[in-house]
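Participant: Below is one structure. I have some questions about it.
The values are calculated or read from the model by the stated rules, or taken from the named source; none is laboratory data. Just so it is clear, the structure is predicted and the values come from calculations on it, not from any experiment. Here the Cβ is made from the backbone with ideal geometry for all residues, glycine too, and neighbour counts use every protein chain on show.
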Amino acid sequence: MKPFLETLTRPAFALTTVASYRRAATAPDLRLRPRLQLIRRTAAAFCGVSAAELRDPRTAHAKWVRQACMSLQRELTRGSTPEIGRFWGLDHTSVLHACRIIADAAQTHPQVARDLATLRTRCQTRLEQME
């Protein structure tokens, strides 16, 4: 028969170990957040949308800008979809959906591809200045 304290402490220890491992695995990169913010500000300025409108998921007119921004953040920062999703307050699947929508739109509509290329170069320039 096991002592009573041993039966209590082992599962608690296992849970704290798993929780600390998950926290370490999902901890955001401290260098990533300023880069994500810079891309969001650049996209907002390029498209004439305020940063508050871009952050608010209820603003439908900023949806395309928000999705393009997520796609560029994924491309330019090499951040993971969960990290980018946490930055926006969304799930990682929303980031994947945004990347697919923007890729499809860029292939279908030449103007979207041109605007995305212009925005990409502006973001790249500002990221290089940041370093």
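Participant: Can you tell me which residue within the stretch 105-123, out of those that are among the charged types (D, E, K, R) and either within 19 Å of the chain's Cα centre (by Cα) or outside any helix (DSSP H, G or I) (or both), is farthest from residue 64 (Cα to Cα)?
Facilitator: Of the residues in the stretch 105-123, the ones among the charged types (D, E, K, R) are 114-115, 120, 122.
Those left that are additionally either within 19 Å of the chain's Cα centre (by Cα) or outside any helix (DSSP H, G or I) (or both): 120, 122.
Numbers: 120: 15, 122: 18 Å.
In this case the residue turns out to be 122.
Participant: Moving to a separate point now. Evaluate the stretch 67-87: report whether one residue or more is in a helix (DSSP H, G or I), more than 11 Å from the chain's Cα centre (by Cα), over 11 Å from residue 36 (Cα atoms) and of a type outside the set (Gly, Ala, Ser).
Facilitator: The answer is no; no qualifying residue exists.
Participant: Going by the conditions given, is residue 39 surrounded by 21 or more Cβ atoms within 10 Å (Cβ to Cβ), under 22 Å from residue 121 (Cα atoms), in contact (Cβ under 8 Å) with a residue 60 or more places away in the chain and out of contact with any strand residue (DSSP E or B) (no Cβ under 9 Å at 6 or more places or on another chain)?
Facilitator: On the way: surrounded by 21 or more Cβ atoms within 10 Å (Cβ to Cβ): yes; under 22 Å from residue 121 (Cα atoms): yes; in contact (Cβ under 8 Å) with a residue 60 or more places away in the chain: yes; out of contact with any strand residue (DSSP E or B) (no Cβ under 9 Å at 6 or more places or on another chain): yes.
Considered against the rule, which asks whether it is surrounded by 21 or more Cβ atoms within 10 Å (Cβ to Cβ), under 22 Å from residue 121 (Cα atoms), in contact (Cβ under 8 Å) with a residue 60 or more places away in the chain and out of contact with any strand residue (DSSP E or B) (no Cβ under 9 Å at 6 or more places or on another chain), residue 39 comes out as yes.
Participant: Evaluate the following for residue 49: is it at pLDDT 90 or above and not in a helix (DSSP H, G or I)?
Facilitator: Against the criterion (at pLDDT 90 or above and not in a helix (DSSP H, G or I)), residue 49 qualifies.
Participant: Of the conditions (1) more than 10 Å from the chain's Cα centre (by Cα); (2) within 18 Å of residue 127 (Cα to Cα), residue 52 fails just one. Which one is it?
Facilitator: Answer for residue 52: the failing condition is (2).
Participant: Kindly indicate the residue of the stretch 61-82 that is charged (D, E, K, R) and farther than 13 Å from residue 42 by Cα and also surrounded by the fewest Cβ atoms within 10 Å (Cβ to Cβ) among those meeting that condition.
Facilitator: 78
Participant: Give the stretch 83-121 a look and list any residue that's touching a residue at least 40 places away in the same chain (Cβ under 8 Å) and surrounded by fewer than 16 Cβ atoms within 10 Å (Cβ to Cβ), or say none.
Facilitator: Once the filter is applied, which keeps residues that are touching a residue at least 40 places away in the same chain (Cβ under 8 Å) and surrounded by fewer than 16 Cβ atoms within 10 Å (Cβ to Cβ), the stretch 83-121 yields only 118.
Participant: Which one of these does residue 22 not meet: (1) modelled with pLDDT of 90 or more; (2) over 15 Å from the mean Cα position of the chain (by Cα)?
Facilitator: Result: residue 22 passes all but (1).
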